[in-house]
1. Does Val228 count as touching a Gly at 6+ places or on another chain (Cβ under 9 Å) and part of a strand (DSSP E or B)?
2. Among the residues of segment 31-83, what is the count of those that are under 14 Å from Pro17 (Cα atoms), assigned to a loop (DSSP other than H, G, I, E, B) and among the β-branched types (Val, Ile, Thr)?
3. Test Tyr84 against the stated conditions and say whether it is of a type in the set (Ser, Thr, Tyr), farther than 20 Å from Trp27 by Cα and under 16 Å from the mean Cα position of the chain (by Cα).
4. Mind listing just one residue for me: the one in segment 117-168 that is touching a strand residue (DSSP E or B) at 6+ places or on another chain (Cβ under 8 Å) and of a type in the set (Lys, Arg) and, of those, surrounded by the most Cβ atoms within 10 Å (Cβ to Cβ)?
5. Using the structure shown, decide if Arg123 is over 24 Å from Gly237 (Cβ atoms), without any contact (Cβ under 8 Å) to a residue 24 or more places away in the chain, of a type in the set (D, E, K, R) and outside any strand (DSSP E or B).
6. Quick check: anything in segment 86-100 acidic (Asp, Glu), at pLDDT below 95 and either within 21 Å of Glu217 (Cα to Cα) or open to solvent by less than 40 Å² (accessible area, probe 1.4 Å) (or both)?
7. Go through (1) open to solvent by 20 Å² or more (accessible area, probe 1.4 Å); (2) under 15 Å from Tyr209 (Cβ atoms) one by one and return the number of the condition Ala73 breaks.
Amino acid sequence: MAAVAHAALAPTLAATPPGKVLDLSSWKLTLPYDTKHQSGNPDEVTQPELATFSDPENFRTSDSGDYVLFRAACDGKGTENSKYPRSELREMSPTGRTEAEWATDDGGAHAIEVEIAVTQTPRTKEHVVCLQIHDHEDDLLMVRLEDDLLFIERDGEPDVILDSEYRLGKRFKIRMIAKAGRVKTWHNGVLAMDWPVKARRCYFKVGCYTQSNRSREKRPGSYGEVAVYRLGLSHSGSTE
């Protein structure tokens, strides 16, 4: 799954592009490769192109047509601040034209709801991140799978265990709300975390952020993959 596989990749009009399955109007997509077709390094796809974009390897609708698959091979290209590849959405403004920024204590309520499943982890380092809140410096939190342990990893705080016996392909729901200087998270309808934390210039990220790369993997062909069945985003009150 090296660069050869990406040589002909360009926006394709799939029978059911991911933008028909998920509301992608407030997102942009980062892909695990760098071509001349897209802006960014690695490539980024923004609106309005994202509405009809699909990638047969890294960002496509399932054969059943009811979820979207995000895949990032371990030999893919990382971003400027990461050595790991990703096929991942980054939150944008409602118009999709500018990058979203909000604070956990700005007087608003910033929420995301997803139904998701991790469907593949790398063969050697079996770690994948599927959901993040990022701030202006680094990740504030990550929903992360390591082997069969699904948990929330927080900046400078203990992990919050969501599922200690996770199996690949198991669907789960996450609801996350940042409000009044706290971030609350529900896992399958049960409150799992109520964290007092102040952070600014925040945004959500969803998809497959594979936590391994070519140097970590003993065999070629390793990749991470995440299925997203539902994606909802809402903001009320003030934002930055």
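The values are calculated or read from the model by the stated rules, or taken from the named source; none is laboratory data. Owing to the predicted nature of the structure, the values given are computational and were not obtained by experimental measurement. With ideal geometry, Cβ positions are generated from the backbone for all residues, glycine too; neighbour counts draw on all protein chains shown. The protein model used for the area step is the full one, side chains on, heavy atoms only, and it has no ligands, DNA or RNA in it. Shrake-Rupley method; radii C 1.70, N 1.55, O 1.52, S 1.80 Å.
1. Against the criterion (touching a Gly at 6+ places or on another chain (Cβ under 9 Å) and part of a strand (DSSP E or B)), Val228 qualifies.
2. 0
3. Here the answer is yes, as Tyr84 does meet what is asked.
4. Arg144
5. no
6. no
7. (1)
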